[in-house]
Each structure stands twice: as C-alpha cells, then as structure tokens.
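Below: the structure, in structure tokens.
We did not get these values from a lab; they are worked out from the coordinates using the rules stated. These numbers come from a predicted model, not from an experiment. As a convention, Cβ positions derive from the backbone with ideal geometry for all residues, glycine included, and neighbour counts pool all protein chains shown.
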Amino acid sequence: MTCYRLKRNPPLIVPGGSERRWMDETVQRFAYRCTPLSIANASGWEILTPCAFSATWNGDPAPKGVTLQSPDNEHVRFARSHFGEGIITFEPGYLFRTNSGWAVWVRGTPNLVKDGIAPLDGLVETDWLPMSFTMNWRFTRPGTVQFEAGEPFCFITLVPHAQLDSVGPRLASLDEDPDLKAAYVAWSQSRKAFLAQLAAGEPETLKQGWQRHYIRGEGPDLNGQPSYHLTRRRLKMPQQD
C-alpha cells in the first residue's frame, strides 16, 4: 500500500494498537484473553487527529447544524461539516494505492466506542481510483463531543475486494467432516466441564482461571499446530520517502 501525501504535514498514520482503555479496566484485564479481539484491534493503521476540537450538533439536518471549534480554528485543515444530517467529515490527507484486487476498508478504530457519535464505514477501490476519500462520523443524538489531539479519527485495513464476489457460503451438516466434528465435540465437552468446575470453585480450575486453547493454537483433539497463528499483531510503520 502506498500513501501519497496530498498536503504538507498530513495527519499522522500509525499501526493500530492492540490495547484499549476499557479493556485495561476489565477485572484482571480479562478482555485481553480474547485473542480475536486484540488481533482485530491491531489489524490496520490509524490516522490521528492533528489537534483537539469540539463538535456540536443542534439536531438541524442542514450542514450548519454542526459546528466545530478549536484553538485558532486549526480543525479547518482536516475536519468540517459538509453533508449535513449530523455528520462530521474528515480529510485523511492521502491518496492511497493498493495492488490489483485489493481495497481499503475505511472505518473507525475497532472496539473503540465514542459516546454520542459513531464512525461510518466505507470500502474504497484503491487499486484504480485516482480520487481521495473522506472519513465520516455521524452524531447519534444532538449534543457535543470532543476529539483529542492524537485520537484516531480513521482506521484503514486491506481486503481482497475482487475475491469476495466469488465466495459462495454453503450450509452443511458437521457430519460431513468427521475429524472437524470430533475436534469440536472434544472442545465443547472440555469447555462445559471447565465452566462447571469453575462455578463449583474447584481449586485447580480457579488457579488456572481460563482455558488457553486458542491463544496456544491448540485444541483438545487437534493434531499438530496450525500453519499460521497469531497471538499479537504488530504492523509496520509507514516508511518515509
């Protein structure tokens, strides 16, 4: 992926991080035991807000219904009210180019909730488009929200866009794959037994705390290790030319 700068000093692009404040605040940070959650958090790049600003929507669907404020109006370089309907429009400041068949999925940072406003997703065909795109957030109700300097306003990740149309989901009985069924049944029984022992206060189970099959890339009836397995994702920082 190439990120062509469209202006001097565009917003900073950094690899997405796996940590979230709300996950830190869970009891014993238990949310980090969910490997899919942490991997999703870091499966893309964040574009960061250059300066702090506040945004207020008074409920008017016209563009003038949203007002933005920042010291010295710094926000005008990258954020404005354009579409109306309680929407804030951000300019990432880049023209992205990807390999043939790959597109950029534009969205808010995964598993990062902001009260009063929500990010809108978009899929951009960056393998051919000579146009930039905007990132948009929509108020969920009239009110005021604050974006801090360094807060991500956009998250980009790559998808094999050209291949999706050829995917045909098929509903099937698990009996068709005896090995997979045996592995699933073994896991399911192991999980039920573990939860029952946990609820009963069995000392060894309490000491263990949680099962680690997924994070270890193993299962109760899984032969060998998977060919590809991550417990933590660290994407590359964009290189300067």
On a 0 to 90° scale, report how tilted helix 178-199 is relative to the longest principal axis of the chain, with both axes built from alpha carbons and the result rounded to the nearest 10. 90 degrees
Cα coordinate range in the stretch 13-100, projected on the principal axes (Å, largest first): 45, 40, 26
Expressed in angstrom and ordered largest first, the alpha-carbon extents of the chain along the principal axes are 61, 44, 37
Longest exposed-site-free window of the chain, the sites being GluC sites (Glu not before Pro) in a DSSP loop that have at most 10 other C-beta atoms within 10 Å: 26-147
Residues with amide H under 5 Å from that of Leu12, placed H, sequence gap 5 or more: Leu48
For Ser190, Ser18, order by how many other beta-carbon atoms lie within 10 Å, fewest first: Ser190, Ser18
How high is the relative contact order of the stretch 2-164? Use alpha-carbon pairs under 8 Å, at least six apart in sequence, and give a whole percent. 28 percent
Please order Met237, Met135 by the number of other Cβ within 10 Å, starting at the fewest. Met237, Met135
Under 15 Å from the Cβ of Ala79, count the other residues' Cβ atoms, weight Lys and Arg +1, Asp and Glu -1, and hand me the total. 0
In the neighborhood of Leu6, defined by Cβ-to-Cβ distances under 13 Å, what is the net charge if each Lys or Arg adds +1 and each Asp or Glu adds -1? +4
Spin-label point model (7 Å from Cα, Cβ direction): what's the Ser227 to Leu180 distance in nm? 1.6 nm
So for the stretch 174-216, taking the charge dipole from beta-carbon charges (+1 Lys/Arg, -1 Asp/Glu), which of Gln208, Val185, Leu195 sits furthest toward the positive end? Gln208
